Amino acid sequence: MATTPLALLLGATGGIGSEAARQLGEAGWQIRALARNPVAAAAQPDGIRWIQGDAMNRDDVMQAATGCSLIVHAVNPPGYRRWAELVLPMLDNTIAAACAQGATVVLPGTVYNFGPDAFPLLTEDSPQHPVTRKGAIRVEMERRLREATAQGARVIIVRAGDFFGPRAGNNWFSQGLVKPGKPVGTISYPGAAGVGHQWAYLPDVARTMVELVARRDSLPAFATFHMAGHWDADGTQMAAAIRRVVARRTGRKPRVSAFPWWLLTLAAPFVTTFREMMEMRYLWRGPVQMDNRRLLSVLGHEPHTGLDEAVEAALDGIGCLGPGASADHGPGRRSQRA
């Protein structure tokens, strides 16, 4: 008799982690998740077995991963703080557990790995010459994961554009374009006029991961994929979708203004999040698009939610649409670290 497959989620209270947990559960997986406060975490999606532990503690991760054939590494320090200190040690613990169990590691990837020499169209094999500290860490993460495949682990990396969704935390949508928990009066757009930008709706990213996991035995031991997501060709479509949704739901018509980069420049020496946002400004100065042909060749399609539907769910989730909107203003106000 077939046994129910078991997955460990690290970062299950975060945006992508919670979506991955929900969708893996729907696909028949039994879910474990680490939490430093499992009682509080129990308010998250049903069907998760919460285990007290910390992703920075190798023994905690190793014990939680016992019997698991899948580890979703969706854990990040909150608010961009202490990335250099925490990110690689947490990944090393995941790698050790995956090697011990012969498990597949799934990592949500980003465009941070790439510098302007690879723009404007990124394939999975584009040169990785990052121009930021976070980008260099991302490249090192992938290097360590590739090495882990020689020790029995398998790896699936799904790279996507800027995340947005009902419970997304550290992202431009909920920390730049709009303000969580506030009615949308102004949309602050960070990009230059006419410059394309790529977005990724978190439930679509999670669905892509789940569908790739179902095909993991036919994939290379180290497999990377790019999602096309929502391509805003001239930098106006995301703001226009927010305006349409807000107008339909509230009757208000938000105005669109330029993002106050000057303010971040002044405050960056004193505010870690602003400093990290300034470091990523290069991604808004020119078009950066991802080529998803490899993904299409494996799945035959890319999971995709219509832009207005996705934007409405995101605004509801961060409490921007008034009565009836979610009271949970997203994980950006708490740690996503297990």
*Please specify each residue of the stretch 98-130 satisfying the condition of being in contact with a helix residue (DSSP H, G or I) (Cβ under 7 Å, 6 or more places away or on another chain) and among the β-branched types (Val, Ile, Thr).*
104, 105, 106, 110, 111
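If you go through the stretch 92-104 one residue at a time, do you hit one that is on the phi > 0 side of the Ramachandran plot and among the small types (Gly, Ala, Ser)? First the steps, then the outcome.
Of all residues in the stretch 92-104, those on the phi > 0 side of the Ramachandran plot come to 102.
Filter again for among the small types (Gly, Ala, Ser), leaving 102.
Yes: the stretch 92-104 contains one or more residues that are on the phi > 0 side of the Ramachandran plot and among the small types (Gly, Ala, Ser).
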*Just to be sure, is residue 224 surrounded by fewer than 19 Cβ atoms within 10 Å (Cβ to Cβ) and among the polar types (S, T, N, Q)?*
no
_Go through (1) over 23 Å from the mean Cα position of the chain (by Cα); (2) not in a loop (DSSP other than H, G, I, E, B) for residue 270 and report which single condition fails._
(2)
*Here are some residues: 160, 98, 200. Which one is in contact (Cβ under 8 Å) with a residue 60 or more places away in the chain, buried (at least 22 other Cβ atoms within 10 Å of the Cβ) and either touching a strand residue (DSSP E or B) at 6+ places or on another chain (Cβ under 8 Å) or under 22 Å from residue 82 (Cα atoms) (or both)?*
160
*Being out of contact with any Gly (no Cβ under 9 Å at 6 or more places or on another chain) and surrounded by 22 or more Cβ atoms within 10 Å (Cβ to Cβ) is the filter; apply it to the stretch 69-89 and report the residue that is farthest from residue 170 (Cα to Cα).*
70
*Can you tell me how many residues in the stretch 218-262 are over 16 Å from residue 178 (Cβ atoms) and among the aliphatic types (A, V, I, L, M)?*
6
_Show the residue pairs meeting these rules: Cβ distance below 7 Å; 6+ apart or different chains; first residue within the stretch 269-285 and acidic (Asp, Glu); second residue not in a helix (DSSP H, G or I)._
279/132
*Kindly establish whether residue 209 is among the hydrophobic types (A, V, I, L, M, F, W, C), at pLDDT 95 or above and crowded, with 20+ Cβ neighbours inside 10 Å.*
yes
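Residues are listed down the side, and each one gets a yes or a no for (1) at pLDDT 95 or above; (2) touching a Lys or Arg at 6+ places or on another chain (Cβ under 7 Å):
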| residue | (1), (2) |
| --- | --- |
| 36 | no, no |
| 61 | yes, no |
| 91 | yes, yes |
| 100 | yes, no |
| 108 | yes, no |
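Just for the stretch 277-299: of the residues that are out of contact with any Pro (no Cβ under 7 Å at 6 or more places or on another chain), at pLDDT below 95 and in a loop (DSSP other than H, G, I, E, B), which one is nearest to residue 206 (Cα to Cα)? Lay out the reasoning, then the answer.
Taking the stretch 277-299 as the starting set, the residues that turn out to be out of contact with any Pro (no Cβ under 7 Å at 6 or more places or on another chain) are 277-281, 283, 285, 290-299.
Those still in the list that are at pLDDT below 95 too: 277-281, 283, 285.
Still in the running and in a loop (DSSP other than H, G, I, E, B): 280, 285.
Numbers: 280: 24, 285: 28 Å.
Ranking the candidates gives 280 first.
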*Could you say whether any residue in the stretch 118-125 is part of a loop (DSSP other than H, G, I, E, B), more than 16 Å from the chain's Cα centre (by Cα) and closer than 27 Å to residue 69 by Cβ?*
yes
*Taking residue 147 as meeting all but one of (1) modelled with pLDDT of 95 or more; (2) assigned to a loop (DSSP other than H, G, I, E, B); (3) not aromatic (Phe, Trp, Tyr), write down the number of the exception.*
(2)
*Say we look at the stretch 130-156 and pick out the residues that are of a type in the set (Val, Ile, Thr) and surrounded by fewer than 23 Cβ atoms within 10 Å (Cβ to Cβ); which of these is farthest from residue 282 (Cα to Cα)?*
149
*Check off (1) within 16 Å of the chain's Cα centre (by Cα); (2) surrounded by fewer than 17 Cβ atoms within 10 Å (Cβ to Cβ) for residue 308 and give me the number that stays unchecked.*
(1)
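Kindly indicate which of 223, 228, 206 is closer than 15 Å to residue 302 by Cβ and not in a helix (DSSP H, G or I).
Details: 223 fails: closer than 15 Å to residue 302 by Cβ; 206 fails: not in a helix (DSSP H, G or I).
Sole residue among the options that is closer than 15 Å to residue 302 by Cβ and not in a helix (DSSP H, G or I): 228.
In this structure, is residue 46 exposed (fewer than 13 other Cβ atoms within 10 Å of the Cβ), outside any helix (DSSP H, G or I) and modelled with pLDDT under 95?
On the way: exposed (fewer than 13 other Cβ atoms within 10 Å of the Cβ): yes; outside any helix (DSSP H, G or I): yes; modelled with pLDDT under 95: yes.
Yes: the conditions hold for residue 46.
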*Considering each of 139, 184, 195 in turn, give the residue that is of a type in the set (A, V, I, L, M, F, W, C), closer than 28 Å to residue 23 by Cα and either more than 19 Å from the chain's Cα centre (by Cα) or at pLDDT 95 or above (or both).*
139
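The values are calculated or read from the model by the stated rules, or taken from the named source; none is laboratory data. Not measured: the values here are computed from a predicted model. When we count neighbours, we look across all protein chains shown, and the Cβ atoms used for this are built from the backbone with ideal geometry, even at glycine.
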